[in-house]
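Visitor: Just dropping this structure here.
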Amino acid sequence: MGFADRYISAIGSSNLLDDALHHQTEPLAAAALAGDIGALLCRVKYADGTLTKMFEGNAGNLAQLLRIWTAEVIRRGQARRWLPENTAWDAQSAQALYRRVAEKSLAHWLDSTCKGCSGTGVKALLGNGICTSCKGSGAAAIHGTAGLELERVKDMVSELSAISDSHSGRAGGLLRGDDR
């Protein structure tokens with residue numbers, strides 16, 4: 001069972017005792033102690049109902065994550081010189097691009113499941129063929145963008161996955177006792 005599974009299990013647990021027989025609080029503590037933007041990503045995706053849709057999540061966490069991620073995308077976009085910012089118009093259009101990329105990449109990372117097949121990659125109605133929407137991958141395409149913007153969104157989705165994987169690795173190490 002990976003870190004995300006243990007984290008989701010701990011969130012849904014009705015018994016958060018922490019003794020020799022009960023260890024449900026350990027994934028929650030590990031997520032908090034490995035703190036960075038990855039902790040917030042984990043909290044929003046797994047703890048606030050985004051993935052399971054079983055309950056209404058904490059919109060404050062999502063708003064905070066969007067603010068932090070937007071600032072990070074702006075920083076990365078400027079550092080990587082996605083667009084020239086020579087004039088006021090250039091700077092304004094660059095800021096608009098950074099914000100769209102931040103919003104679309106975060107939205108896609110939080111829920112990239114194909115709606116046509118619910119992430120199975122198989123046709124929903126017949127169940128005996130590859131889903132035409134996702135071409136069998138189970139992941140939805142990024143809609144409403146093309147060209148440079150699409151490439152930047154894909155880059156930032158990859159960055160979000162790397163941040164999340166890094167956080168999960170550190171939290172998993174804490175659970176195993178590697179860094180105690």
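Visitor: Determine which member of the set GLY144, GLY169, GLY116, GLY173 is outside any helix (DSSP H, G or I), open to solvent by less than 60 Å² (accessible area, probe 1.4 Å) and modelled with pLDDT under 80.
Guide: Details: GLY144 fails: open to solvent by less than 60 Å² (accessible area, probe 1.4 Å); GLY169 fails: outside any helix (DSSP H, G or I); GLY173 fails: outside any helix (DSSP H, G or I).
Exactly one residue qualifies, and that residue is GLY116.
Visitor: Taking the conditions exactly as written (open to solvent by 30 Å² or more (accessible area, probe 1.4 Å), touching a helix residue (DSSP H, G or I) at 6+ places or on another chain (Cβ under 8 Å), closer than 16 Å to LYS45 by Cα and at pLDDT 75 or above), does SER158 satisfy them or not?
Guide: Numbers: open to solvent by 30 Å² or more (accessible area, probe 1.4 Å): yes; touching a helix residue (DSSP H, G or I) at 6+ places or on another chain (Cβ under 8 Å): no; closer than 16 Å to LYS45 by Cα: yes; at pLDDT 75 or above: yes.
Judged against the criteria, SER158 is not a match.
Visitor: Take THR113 and decide whether it is of a type in the set (Val, Ile, Thr), in contact with a strand residue (DSSP E or B) (Cβ under 8 Å, 6 or more places away or on another chain) and under 30 Å from GLY38 (Cβ atoms). Steps first, answer last, please.
Guide: On the way: of a type in the set (Val, Ile, Thr): yes; in contact with a strand residue (DSSP E or B) (Cβ under 8 Å, 6 or more places away or on another chain): yes; under 30 Å from GLY38 (Cβ atoms): yes.
Spelling it out, THR113 is indeed of a type in the set (Val, Ile, Thr), in contact with a strand residue (DSSP E or B) (Cβ under 8 Å, 6 or more places away or on another chain) and under 30 Å from GLY38 (Cβ atoms).
Visitor: Here's a follow-up. Scan (1) crowded, with 16+ Cβ neighbours inside 10 Å; (2) modelled with pLDDT under 90 for the single condition VAL101 breaks and write down its number.
Guide: Against the list (1) crowded, with 16+ Cβ neighbours inside 10 Å; (2) modelled with pLDDT under 90, VAL101 comes up short only on (2).
Visitor: Sort through GLY57, GLY138 and tell me the only one that's at positive phi, at pLDDT below 85 and open to solvent by less than 50 Å² (accessible area, probe 1.4 Å).
Guide: Numbers: GLY57 fails: at positive phi.
Checking each option against the conditions leaves just GLY138.
The values are calculated or read from the model by the stated rules, or taken from the named source; none is laboratory data. Since the model is a prediction, treat every value here as computed from it, not as a measurement. Every residue, glycine as well, gets a Cβ built from its backbone with ideal geometry; the counts of neighbours run over all protein chains shown. To get the accessible areas, we keep the full protein, side chains included, count just its heavy atoms, and leave off ligands, DNA and RNA. Shrake-Rupley method; radii C 1.70, N 1.55, O 1.52, S 1.80 Å.
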